[in-house]
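This report concerns only the one structure given below.
Each reported figure results from applying straightforward, stated rules to the coordinates on display, with no laboratory input. Because the structure is a prediction, the values reported are computed rather than measured. Cβ coordinates were reconstructed from backbone atoms using ideal geometry, including for glycine residues, and neighbour counts include every protein chain displayed.
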Amino acid sequence: MAVQISPSILSADFARLADEASAVAGVADWLHVDVMDNHFVPNLTLGLPVVESLLKHATLPLDCHLMIEQPDRWAPPFAEAGARNVTIHAEAARAPVRTLRAIRAAGARAGLAVNPGTAIEPYADLLPEVDMLLLMTVEPGFGGQPFLDLVLPKLRRARELIARHGGTVWLQVDGGVSEQTIERCAAAGADVFVAGSAVYQADDPAAAVQALRQQAERATSHAAWAG
Ligand code: DX5
Ligand code: ZN
């Protein structure tokens, strides 16, 4: 099971996005882009025009995380624009199957996210429609929040659901992922790790990505779920 690291540009300098993207280009697997509409979450970041510009400059594939109230309307255009993964929130989607299918039809991977207080079991039947599950390990909206250990049991249950499903659904964690917490996430079953402040507040973002990957790989190699 390959570990993947997805640095979040939420903690980067928004006026220098192309440079910030290239700072991790050689070492990361994805560039995580947090789209917030000030309705689904109490924060406002960027939308489709900025993603379209970033697509012209970033060499890493974009992992777009839509924290917005109308993912059914907005997710397909992000995929059509060229985002390689588009994740929608289960709490916001009115027609998740249709939207996940539209994302895939546009050529992107389809992600389904849940907040810390949202159970994963009601979405088990949707796994065939999903390429990645995202379990938020903070309440979405802001970078730099403390990691919520209370999500770890759900992470283990999600890994079991994926194993039972038998598919190749990736399991992503997002929020408070750092050198202090990434091993717990990997041990519980995560294989894709979003890190914002742990990467972009570091003096050397590329070295931070490499350190996170090493830790996650070590924890995964000892994890029962990966054996
Ligand atoms: C939070 C965002 C995250 C954020 C994580 O709602 O979805 O992607 O950038 O930031 P850190 O890693 O600092 O918790
Ligand atoms: Zn995110």
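General remarks:
- Evaluating 6.51 cos²θ - 1.76 cosθ + 1.60 at θ = phi - 60° for every residue in region 59-69, the Karplus couplings come out as 8, 6, x, 8, 10, 8, 10, 8, 9, 9, 6 Hz, glycine and proline recorded as x.
- The chain: DSSP helices with Cα axial extent of at least 18 Å and average Kyte-Doolittle hydropathy no lower than 1.0: none
- J(HN,Hα) series, region 172-187, from Karplus relation 6.51 cos²θ - 1.76 cosθ + 1.60, nearest Hz, glycine and proline x: 9, 10, 8, x, x, 7, 8, 5, 7, 10, 5, 5, 4, 5, 5, 4
- Average Cα contact separation per residue, region 84-227, under 8 Å, 6 or more apart, as relative contact order %: 18
- Sites GLU160 and HIS39 - FRET efficiency at Förster radius 45 Å, r taken between beta-carbons, to 0.05: 0.85
- For region 126-178 versus region 20-37, the gap between their alpha-carbon centres in whole angstrom: 19
- Distance histogram for the chain (every C-alpha pair counted, 5 angstrom bins, percent rounded to whole numbers): 1, 7, 16, 20, 22, 18, 11, 4, 0
- Amide hydrogen neighbours beyond the local backbone of PHE40, cut-off 5 Å, H modeled: GLU69
- Top of ALA25, ALA124, ALA158 by mean-square fluctuation, Gaussian network on the chain, Cα under 10 Å: ALA124
- Each residue, ALA15 and ASP203, gets one label point 7 Å from its Cα in the Cβ direction; the gap between the two is 2.4 nm.
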